[in-house]
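Here's the structure we're looking at; comments come further down.
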Amino acid sequence: VLNENPDCNDTIYLKNSPINGTYRIIDLNNGTFEKYLAYEVIANFKDGLKVGDWKYYSNYEFFSRPSDYATNEQKPIRTEHYENGKLNGESIEFFDESVYLKTIYEKGKLKKLEKFEDGKSVMKYDFR
């Protein structure tokens, strides 16, 4: 049973057992169907915790495309990496298929942030 509002630290269960494997998660913006805010995620779980690479895709064509479109044709709008339910490693956000924002996490804590415009780095922060 999924929590109504799960956060990154929740363990996700299906039929009273933690879920494992790769899932396609669809968020329709709480039912409002605003086409540019909805998204889908190709997500990985181990023992109910987020693990591995997660890829987020814009869902603006959700009702008019085949179900495997996100994994075969579309470029992600964000990628993240998780270990034991926490962000770990590089996360990247894209705008018009170009890198917009890169962040580095260690065990869930933000360590570095870099913003890009027109393919060039315009801002960098290191967090200690």
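Read the figures in this text as sums done on the coordinates, not as results from a lab. Worth saying up front: this structure is predicted, and the values here are computed from it rather than measured. Note: ideal-geometry Cβ built from the backbone for every residue, glycine included; neighbour counts use all protein chains shown.
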In Hz, Karplus ³J(HN,Hα) per residue of region 114-128 (6.51, -1.76, 1.60; θ = phi - 60°; x = Gly, Pro): 9, 9, 10, 9, 6, x, 10, 5, 10, 7, 9, 10, 10, 10, 10
Peptides 86-99, 42-55 ordered by average Cβ neighbours within 10 Å, highest first: 42-55, 86-99
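Net charge near His81: determine it from the other residues with C-beta under 15 Å of the C-beta of His81, scoring Lys and Arg +1 and Asp and Glu -1. Intermediate values should be presented prior to the final figure.
Working: positive: Lys46, Lys50, Lys55, Arg78, Lys86, Lys102, Lys107, Lys109, Lys111, Lys112; negative: Asp53, Glu80, Glu83, Glu90, Glu93, Glu106.
With Lys, Arg at +1 and Asp, Glu at -1, the net is +4.
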Too-long pairs where the Cα-Cα distance tops 30 Å, listed order kept, from Lys50/Lys102; Lys15/Lys112; Lys46/Lys124; Lys46/Lys75; Lys15/Lys115: Lys15/Lys112; Lys46/Lys124; Lys15/Lys115
Under 10 Å, Cβ to Cβ, from Asp126 - net charge with Lys/Arg +1 and Asp/Glu -1: +3
Inter-label distance, nm, simple model (7 Å from Cα along the C-beta direction), Asn16/Val122: 5.5
